[in-house]
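Below is one structure, written out as structure tokens; the observations come after it.
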Amino acid sequence: MAICAVRGGCPSDYVAISIAILSVILLLVKAGVPYLIHKIPRPKGSGFWLVAIQVIASFNLLLSIVMAFGYLRYKRKHWWSSCYIWAVWVEGPLGFGLLLSCRVAQAFQLYNLFVKRRLPPIRSFIFLPMVLLPWIVGSAILHVNKPLNPRCHMKTLWIIPVISFHALYIAALVGFTGAVQHIEFRFHELKDLWRGILVSACCIGVWIVAYTLNEIHEDKALVQIISRSVLLIMTSFLLLAFFSMSISQPLASLLSSTKKDKQDYNMMSRALGIPDSGLLVQEESIQSIDPNEPFDKLLMDRRFRQSFVEFADSCLAGEGVHFYEELLQLDKIPVEDHVRRIYMARHIIDTYITPGATMEVNISHRCRQDILSTPDLAHPDLFKNALNELIQLMKMNLANDYWSSTFFMKLKEEAMMKTADYDLEQSSWNYSHRLSSVHCTDDPFHQEHSPSKLSSSSRELELQ
């Protein structure tokens with residue numbers, strides 16, 4: 001047992017490694033299923049790379065523990081097996097520190113979006129290195145002072161600062177999460193985040209005890225074997241708790257049954273429970289489309305908008321019409337419903353406004369910056385200037401070609417058919433009215449149909 005505790009390769013070590021490998025597989029499945037199986041489009045920006053970085057950090061954390069605490073039997077003769085590479089750099093800035101920093105960045109986004117009601121003032125790719133910087137500095141201090149022995153155990157003097165540093169990031173995560181706990185989210189971001197924090201806090205508590213015992217009681221073989229097995233198993237549970245659900249993309253699970261033929265720009269409106277009609281005018285007009293009408297008024301007609309968006313998509317320029325339809329959905333959300341308006345506004349910004357977005361619209365730089373730097377994401381006129389610019393652009397470019405296109409001709413034919421059907425329905429005979437208006441001169445048999453006339457005729461026949 002003493003040799004096993006020093007060199008590694010105990011049965012409990014292999015059991016812990018198997019659990020760690022299983023947790024990595026579950027993490028990969030959890031992260032990839034919505035995009036590989038359900039064909040949900042991969043989000044751009046921090047919504048994707050923050051989650052991807054967390055998966056990499058989770059793998060680094062598990063691998064660093066395996067390599068640093070002697071689960072496998074190998075000799076530390078090469079530079080890549082150095083304790084300072086695995087126990088200091090991979091476990092710290094590239095493992096636990098990176099994982100917690102990503103979660104703090106996500107909680108910081110929630111705080112700014114739903115408490116401050118604005119986009120985060122610092123982009124995630126800048127905020128994350130800032131939060132990670134203390135880990136890099138701490139690892140550099142450990143590397144310079146060389147507190148680790150050949151078995152990667154730390155001196156007692158360094159244990160308390162290292163443990164406190166790990167706990168500090170958990171406290172920061174709890175602090176940001178506590179600031180948004182009064183928000184009634186449409187999805188389960190806060191619930192899942194709190195669940196992850198509670199479970200991970202319990203795991204970290206056991207992890208700290210196992211880590212401390214492993215560092216202090218280096219000479220006790222049984223303590224070494226049990227503590228390092230518990231350490232790796234608790235780390236595996238910790239990572240699974242963190243990935244109970246990704247708080248950055250709640251739609252990935254809510255829309256997992258989305259059909260392939262449904263388009264992306266309607267997903268958020270359906271998930272928010274907005275009525276799916278997308279109309280400002282509930283009843284379709286039977287009148288023909290007049291090109292002389294104001295273009296913004298024409299867009300309010302459902303038939304025209306459907307025809308025009310098909311034409312615009314055929315010209316690979318349908319982003320503006322889809323943007324208009326998204327704003328119709330946004331206008332249906334009450335102004336006082338800040339949470340749902342923020343969800344919808346953020347979706348529109350990520351899809352149409354952010355530079356490089358999947359359906360980026362052609363608006364002026366000033367208008368784009370006004371939206372991206374808005375102090376209130378729930379403001380009812382947030383996209384007003386952008387919409388005016390796009391309507392003018394569509395009116396000058398797409399509309400001129402549309403009036404001579406086959407799409408407009410088809411729309412005119414459908415309108416004429418509906419008008420003819422409507423006229424036929426209105427001119428259908430009312431038989432009760434026809435019978436009540438028949439007069440003697442109109443009667444081919446020259447007979448009156450009133451009861452009095454019928455009775456007088458019968459008397460004359462009797463007298464004869």
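Out of curiosity, is Ile348 β-branched (Val, Ile, Thr) and in contact with a Lys or Arg (Cβ under 6 Å, 6 or more places away or on another chain)? No; evaluated as a whole, the condition is false for this residue.
For (1) at pLDDT below 90; (2) among the small types (Gly, Ala, Ser); (3) assigned to a loop (DSSP other than H, G, I, E, B); (4) over 22 Å from Arg270 (Cβ atoms), each residue gets a yes or a no:
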{"site": "Glu283", "(1), (2), (3), (4)": "yes, no, yes, yes"}
{"site": "Leu298", "(1), (2), (3), (4)": "yes, no, no, yes"}
{"site": "Glu310", "(1), (2), (3), (4)": "no, no, no, no"}
{"site": "Ala317", "(1), (2), (3), (4)": "yes, yes, yes, yes"}
{"site": "His322", "(1), (2), (3), (4)": "no, no, no, no"}
{"site": "Leu327", "(1), (2), (3), (4)": "no, no, no, no"}
{"site": "Gly356", "(1), (2), (3), (4)": "yes, yes, yes, yes"}
{"site": "Arg366", "(1), (2), (3), (4)": "no, no, no, yes"}
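Looking across Asp219, Asp261, one residue alone is at pLDDT below 80, surrounded by fewer than 20 Cβ atoms within 10 Å (Cβ to Cβ) and not basic (Lys, Arg). It is Asp261. When residues in the stretch 84-111 are screened for being in contact with a strand residue (DSSP E or B) (Cβ under 9 Å, 6 or more places away or on another chain) and surrounded by fewer than 19 Cβ atoms within 10 Å (Cβ to Cβ), 1 of them pass.
You will find that of Asn60, Asn112, the residue that is part of a helix (DSSP H, G or I), at negative phi, in the same structural domain as Ser229 (by TED's automatic domain parsing) and without any contact (Cβ under 8 Å) to a residue 12 or more places away in the chain is Asn112 and no other.
Restricted to the stretch 57-81, and to residues there that are hydroxyl-bearing (Ser, Thr, Tyr) and more than 17 Å from Ile3 (Cα to Cα), the residue that is surrounded by the fewest Cβ atoms within 10 Å (Cβ to Cβ) is Ser81. Evaluated against (1) touching a residue at least 12 places away in the same chain (Cβ under 8 Å); (2) surrounded by fewer than 18 Cβ atoms within 10 Å (Cβ to Cβ), Trp135 falls short on exactly one condition, (2). Taking the stretch 299-335 as the range and being over 22 Å from the mean Cα position of the chain (by Cα) and surrounded by fewer than 18 Cβ atoms within 10 Å (Cβ to Cβ) as the test, the residues that pass are Met300, Arg302, Arg303, Gln306, Glu310, Asp313, Ser314, Cys315, Leu316, Ala317.
To keep it simple, each residue is scored yes or no on (1) charged (D, E, K, R); (2) within 17 Å of Ser164 (Cα to Cα); (3) within 22 Å of the chain's Cα centre (by Cα).
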position: Pro93; (1), (2), (3): no, yes, no
position: Ser101; (1), (2), (3): no, yes, yes
position: Gln106; (1), (2), (3): no, no, yes
position: Arg117; (1), (2), (3): yes, no, yes
position: Ser124; (1), (2), (3): no, no, yes
position: Phe127; (1), (2), (3): no, no, yes
position: Met130; (1), (2), (3): no, no, no
position: Val137; (1), (2), (3): no, yes, no
position: Ile141; (1), (2), (3): no, yes, no
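Is at least one residue of the stretch 379-395 among the basic types (Lys, Arg), closer than 16 Å to Asp296 by Cα and either surrounded by 15 or more Cβ atoms within 10 Å (Cβ to Cβ) or at pLDDT below 90 (or both)? Yes, the stretch 379-395 contains a residue that is among the basic types (Lys, Arg), closer than 16 Å to Asp296 by Cα and either surrounded by 15 or more Cβ atoms within 10 Å (Cβ to Cβ) or at pLDDT below 90 (or both).
Taking residues in the stretch 211-229 that are in contact (Cβ under 8 Å) with a residue 24 or more places away in the chain, and partners anywhere that are surrounded by 18 or more Cβ atoms within 10 Å (Cβ to Cβ) and among the small types (Gly, Ala, Ser), the pairs with Cβ atoms closer than 7 Å and at least 6 places apart or on different chains are Asn214/Ser227; Ala221/Ala5; Gln224/Ala5; Ile225/Ala5; Ser229/Ala16.
On inspection, Ile208 does not qualify as exposed (fewer than 15 other Cβ atoms within 10 Å of the Cβ) and of a type in the set (Val, Ile, Thr). Which of the residues spanning the stretch 396-407 are surrounded by fewer than 16 Cβ atoms within 10 Å (Cβ to Cβ) and within 34 Å of the chain's Cα centre (by Cα)? If the condition is that a residue be surrounded by fewer than 16 Cβ atoms within 10 Å (Cβ to Cβ) and within 34 Å of the chain's Cα centre (by Cα), then Asn397 is the only one that fits.
Let me confirm something: among Asp401, Asp370, which residue is in a helix (DSSP H, G or I), modelled with pLDDT of 50 or more and over 30 Å from Phe114 (Cβ atoms)?
Asp401
The values are calculated or read from the model by the stated rules, or taken from the named source; none is laboratory data. This structure is a prediction, so every number in the text was calculated from the model and none was measured. As a convention, Cβ positions derive from the backbone with ideal geometry for all residues, glycine included, and neighbour counts pool all protein chains shown.
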